[in-house]
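The structure appears below as C-alpha cells.
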Amino acid sequence: MIMLRPMLHAAARSAAARSVVERSPLTRPVVRRFIAGDSVGEAVDTTGDLLATGRLVTLDRLGEDTTNAEAADATVRAYQELLKRLADKGFTDRAEVSVKLSAVGQKLDTGLTLDNARRICAAAGEVGATVTLDMEDHTTTDATLAVLRELRRDFPWVGAVLQAYLRRTEADCRDLATAGSRIRLCKGAYAEPASVAFATKPEVDLSYVRCLKALMAGSGYPMVASHDPRLIAIAGTLAANAGRTSDSFEYQMLYGIRPTEQQRLADEGNRIRVYLPYGTEWYGYFMRRLAERPANLTFFLRSLATKN
Ligand code: FDA
C-alpha cells in the first residue's frame, strides 16, 4: 500500500494515465462520490442540499495548471457566474468559494494572477461571499502568500490554506494568526521532498497540532480542515482552552469523506464546512483523493471489476 502513494502521485501528472481514467465510463460513479457534478447547476443544487443539513459550503471550480490567458479568463468568468447563482439562491451567507491560483494564471504571469484573483474577490464581495486561496505544491507557497497579502488590502476577508506537512508552516501560522485572518489548516496533499516537508504521518500530525496551537491562541479565524478524528478532538480542546466560542473557528471536510462525522459536528452546534468541487477537470483532484487513502483505490478498482 505504501508504494501505491508515489505511483498515484506520478499517475496524477501523467497524460496517458489521465486519458485512460477519464475515458472509462466506469470511472464516473466513483468520481461522483467526491465531486458534485460537471455543471454549475449541479454544484448549486448540491450546495442547497448541504446547507439544508446545517453544514456550510466552500465551492471549488475544478481546474489547475492553466497554460494560457484565455483559459485563466474562462476560470474567472466561471467563478463570477457561480457567485451570481449562489446569490440568486440566497446562499452567500453560508457558501463561499475556494480558488487555486494556478487556475487563474500562476504559472503564466504574476500580474495576471493578481488581476484575475481580484476579479473573483470583487464578484464575491458584491454578493457578500468570501474567498479562500487553496495551496498547491511547495514551489507556489511564497507566491500564493504574496497574492494573499495584496488581496487582503482591498478584501480583508480573503483566506488561505496552509499545509502542516511543510516544515515552514508553524512559522507561517504564527505570522498569519492575526485579527481578521482566515487560515484553513490542512495536512497537505502533494508529493513533496523531505528537504521541505515532514515525511511520516506522526511528524505531520505533530506539526498539525503545533500549527493548530498557534492558530487557536492567535486572534484570527482558524479553519480546521481534516478528517482525522484525533486532530478534530484536539482542535476542540485547544479552542476551549483558548476561550473560543463555536462561532470563532470552524471544521472543514471534503465532500464525500466522513459525511456522518460532518453531520455529527453540525448537530452538536459546531460550524462545519464542506469543500465541494465541481466541473469537468476532476482528474488531478480525484487522483490526490486516491493517493491520500489507497483503500479508495481498492474501492475504485473493485467497482470497475464488478461492472465488467
Ligand atoms: P488523514 O489523511 O490522516 O486521514 C484521516 C482519516 O480521514 C482517514 O483515516 C480516513 O478515515 C479519512 N480520509 C482522509 N482522506 C480520505 C480520502 N481521500 N478518502 C476517504 N477517507 C479519507 N491539501 C492541499 O495540499 N492543499 C489544499 O488547498 C487543500 N485544501 C483542503 C481543503 C479542505 C477543506 C480539506 C478537508 C482538505 C484539503 N486538502 C488540501 C487535503 C489535505 O491536505 C489532506 O490531503 C486530506 O484532508 C487528508 O488528510 P486528513 O487531515 O483528513 O488526515
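The values are calculated or read from the model by the stated rules, or taken from the named source; none is laboratory data. All values derive from a computational prediction rather than experimental measurement. Because the Cβ atoms are built from the backbone with ideal geometry, glycine has one as well, and the counts that use them run over all protein chains shown. All accessible areas refer to the heavy atoms of the entire protein, side chains included, with ligands and DNA or RNA removed. Shrake-Rupley method; radii C 1.70, N 1.55, O 1.52, S 1.80 Å.
Is it the case that segment 129-140 has a residue that's in contact with a Cys (Cβ under 9 Å, 6 or more places away or on another chain), of a type in the set (G, A, S) and free of Cβ contacts under 8 Å to residues at least 60 places away in the same chain?
No; the residues of segment 129-140 include none that is in contact with a Cys (Cβ under 9 Å, 6 or more places away or on another chain), of a type in the set (G, A, S) and free of Cβ contacts under 8 Å to residues at least 60 places away in the same chain.
Return only the number of the condition from (1) in contact with a strand residue (DSSP E or B) (Cβ under 7 Å, 6 or more places away or on another chain); (2) more than 11 Å from the ligand (Cβ to nearest atom); (3) part of a helix (DSSP H, G or I); (4) not polar (S, T, N, Q) that L206 does not satisfy.
Only one criterion in (1) in contact with a strand residue (DSSP E or B) (Cβ under 7 Å, 6 or more places away or on another chain); (2) more than 11 Å from the ligand (Cβ to nearest atom); (3) part of a helix (DSSP H, G or I); (4) not polar (S, T, N, Q) is unmet by L206, namely (1).
Give segment 215-255 a look and list any residue that's more than 16 Å from the ligand (Cβ to nearest atom), among the hydroxyl-bearing types (S, T, Y) and under 20 Å from the mean Cα position of the chain (by Cα), or say none.
Filtering segment 215-255 for residues more than 16 Å from the ligand (Cβ to nearest atom) gives 216-220, 237, 239-248.
Adding the requirement that they be among the hydroxyl-bearing types (S, T, Y) leaves 219, 237, 245-246, 248.
Selection gives S248 alone.
Name every residue in segment 178-196 that is within 11 Å of the ligand (Cβ to nearest atom) and either among the acidic types (D, E) or touching a helix residue (DSSP H, G or I) at 6+ places or on another chain (Cβ under 7 Å) (or both), in order of residue number.
L185, K187, A189, A191, E192
Which residues, taken from segment 256-308, are of a type outside the set (A, V, I, L, M, F, W, C), open to solvent by less than 40 Å² (accessible area, probe 1.4 Å), within 11 Å of the ligand (Cβ to nearest atom) and modelled with pLDDT under 85?
Passing the criteria: P294, N296.
Quick check on this structure: which one of L238, L215 is buried (at least 22 other Cβ atoms within 10 Å of the Cβ) and not charged (D, E, K, R)? Full working, then the answer.
Details: L238 fails: buried (at least 22 other Cβ atoms within 10 Å of the Cβ).
Going through L238, L215 in turn, the sole match is L215.
Quick one: what pairs do we get from segment 245-272, first residue farther than 14 Å from C186 by Cα and of a type in the set (A, V, I, L, M), second part of a helix (DSSP H, G or I) and at pLDDT 95 or above, C-beta under 8 Å, 6+ apart or different chains?
L265/I232; I272/Q262; I272/L265; I272/A266
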